[in-house]
1. Take the eigenvalues of the Cα gyration tensor for the range B:25-176, scale each by 5, and report the square roots as semi-axes in whole Å, largest first.
2. Measure off, as a whole percent, the carbon and sulfur share of the 1.4 Å-probe accessible area of chain B, all protein chains present.
3. What distance in nm separates the simple spin-label points at A:Glu205 and B:Thr230, each placed 7 Å from Cα in the Cβ direction?
4. Is there a quick way to get the dipole size of the range B:197-266? I mean about its Cα centre, with the Cβ of Lys and Arg at +1 and of Asp and Glu at -1; what is the value in debye to the nearest 20?
5. If the only charges are +1 at each Lys and Arg Cβ and -1 at each Asp and Glu Cβ, what is the size of the charge dipole of chain A around the Cα centre, to the nearest 20 debye?
6. Semi-axes, largest first, in whole Å: what does sqrt of 5 times each Cα gyration tensor eigenvalue give for the range A:108-182?
7. Given the C-alpha centroids of the range A:144-188 and the range A:219-255, what is the distance between them in whole angstrom?
8. Treating each Cα of the range B:66-264 as an identical point scatterer and ignoring solvent, apply the Debye formula and state log10 I(q)/I(0) at q = 0.12, 0.17 Å⁻¹.
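The values are calculated or read from the model by the stated rules, or taken from the named source; none is laboratory data. What you see is a predicted model; the values in this text were computed from it and never measured. For neighbour counting, all protein chains shown are included, and Cβ atoms are generated from backbone atoms with ideal geometry for every residue, glycine included. Calculation scope for accessible area: heavy atoms of the full protein, side chains included, ligands and nucleic acids excluded. Shrake-Rupley method; radii C 1.70, N 1.55, O 1.52, S 1.80 Å.
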Amino acid sequence: MSVTASASTQPPDAPKHATSLVINKLRKEYRAGQPVLHDVSLTIEGRGLTAIIGPSGTGKSTLIRCINRLVEPTSGEILFRGQDIVRLNRPELRAARRHMGMIFQEYNLVERLSVIENVLCGRLGYVPAWRAWLRWFPPSDIERAFQLLEAVGLADFATQRADQLSGGQRQRVGIARALMQEPQLVLADEPTSSLDPKTSVEIMELIASRAAERNIPAIVNMHNVELARRFADRIVGMAKGAIVFDGPPHTLKDSHLLEIYGGEGWLE
Amino acid sequence: MSALPHGQPPRVAFPPNWPARLGMVVLVLYVAYASTILDLTWNRFVVGLQQGGKFLARMFPPDFAHDKVSLLLIGMTESLQIAIVATVIGIFLSLPLGLAAARNLAPRPLAWTARALIAVFRSLHPIIVAILFVKAVGFGALAGILALIVASLGFLSKLVAESVEEMSMKPVEAVRATGSRLLSVITMSVLPQVIPRFIGFAAYQLDSNLRNSALVGIVGGGGIGATLFTAFQRFDYDFVLTIVLAIIAIVMVGEIVSGWMRRMFQ
């Protein structure tokens with residue numbers, strides 16, 4: 001039932017890899033009159049990894065959370081699959097969220113559930129609650145969950161509790177959960193900020209390769225400029241709630257970084 | 001790090017807390033005053049002790065006559081049934097009520113309504129609730145069960161609400177982001193965080209319902225309490241002792257079982 005509902009939201013003639021996400025004059029004020037996002041506009045093409053860089057508190061997280069409305073935008077529009085996300089009612093929003101996989105800084109796993117249960121949480125948009133309660137997921141979902149765990153290198157951990165894993169392993173589970181949704185867009189909010197440098201590279205590799213393999217765009221918030229240069233097809237620099245740089249990695253110069261982060265000493 | 005300049009008073013590490021000291025004095029004075037009002041004298045205590053000694057002497061040995069034991073078994077079985085039925089129903093009702101009262105999940109008006117309801121359930125002692133239900137639905141186990149359900153709801157719902165409010169919202173946010181409905185969010189991200197503690201509470205509630213199920217009988221709510229009350233009125237003090245021993249045994253077994261349950265689900 002839920003599957004047909006989701007299918008009907010997509011126009012049958014929608015091109016498979018058209019422009020995937022259009023953000024128009026997106027504004028967010030947590031307190032009236034103090035916008036965190038100043039009418040941000042951004043268009044994400046049908047594929048590739050877009051890194052959003054910028055200092056803490058500049059609105060990167062707010063921007064990415066507005067896209068799936070974990071944060072409610074104040075005004076503006078977000079076009080995704082032919083719908084304006086901002087105007088959707090709750091059921092429509094749920095249907096839209098199924099197509100966006102999200103990866104979090106602190107993994108946001110359900111610690112007391114097993115690894116495979118966490119991955120299967122990615123299907124909760126489709127599986128009714130009583131079946132989830134009985135762990136009666138469709139066999140095809142379970143099979144896919146195992147395949148994804150293999151793909152992220154955690155096949156042997158399927159029945160372990162999530163709180164027994166290391167940070168890098170947890171983030172792999174988080175990625176598998178996002179991919180379990182068969183998303184058309186991956187949102188990652190500082191996915192490597194809680195990880196050591198080596199694990200960060202592995203996690204970024206995993207996100208970039210899985211998104212490329214599925215031919216879907218990924219939007220990744222990050223602090224680390226080097227990681228962004230290495231993995232992104234496009235870098236968006238934000239400062240004080242506005243986009244101040246937008247271009248491929250090789251065009252990002254020190255002068256841009258100065259504008260994004262301010263100060264000078266740290267660049268030397 | 002320089003020494004204090006001369007002429008400055010020495011630094012005080014533990015400043016006196018005058019309001020607290022004053023409060024203590026007032027409390028002691030009030031207890032003394034209340035004791036005189038209530039005629040709490042040593043003499044009365046000594047007389048009472050003698051009386052108690054006679055009473056205890058009449059209780060021994062406990063009465064294990066065949067007819068008494070069968071009376072005991074009937075009463076005990078009923079009490080046990082009251083306790084278990086009330087606990088199980090209380091558990092099932094307290095989950096939704098507790099979730100509705102959690103301010104981080106439920107909308108404000110719903111949360112406050114649920115909180116008010118819980119406060120009402122908690123404000124009355126099970127015995128008073130039992131008296132009300134005996135009046136409402138008549139003597140017998142039904143009144144006892146209803147009274148203990150109310151008691152269980154008050155206790156369990158409040159603790160459910162509190163543990164839901166203390167849980168991590170991060171997994172909840174993640175499961176919401178997958179596009180799942182509220183019920184799935186609760187099933188897969190709220191309950192896994194809350195259930196282990198909830199089982200501990202439920203085991204404790206079973207314990208306390210076992211004890212209270214003996215009590216509700218005294219006011220007509222069915223079970224061993226009724227038997228106990230009758231035995232008192234007939235001055236069957238040796239049978240009273242038998243019943244008291246049986247209650248102690250049941251409560252201890254209940255404690256062991258609930259401890260075991262808690263360990264199993266940690």
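1. Its equivalent ellipsoid spans semi-axes of 41, 28, 15 Å.
2. So the carbon and sulfur contribution to the accessible surface is 72 percent.
3. Each label point lies 7 Å from its Cα, and together they span 8.0 nm.
4. 300
5. Charge dipole, chain A, about its Cα centre: 820 debye, nearest 20.
6. 18, 13, 10
7. Result: 27 Å between the Cα centres.
8. These q points yield log10 I(q)/I(0) values of -0.65, -1.05.
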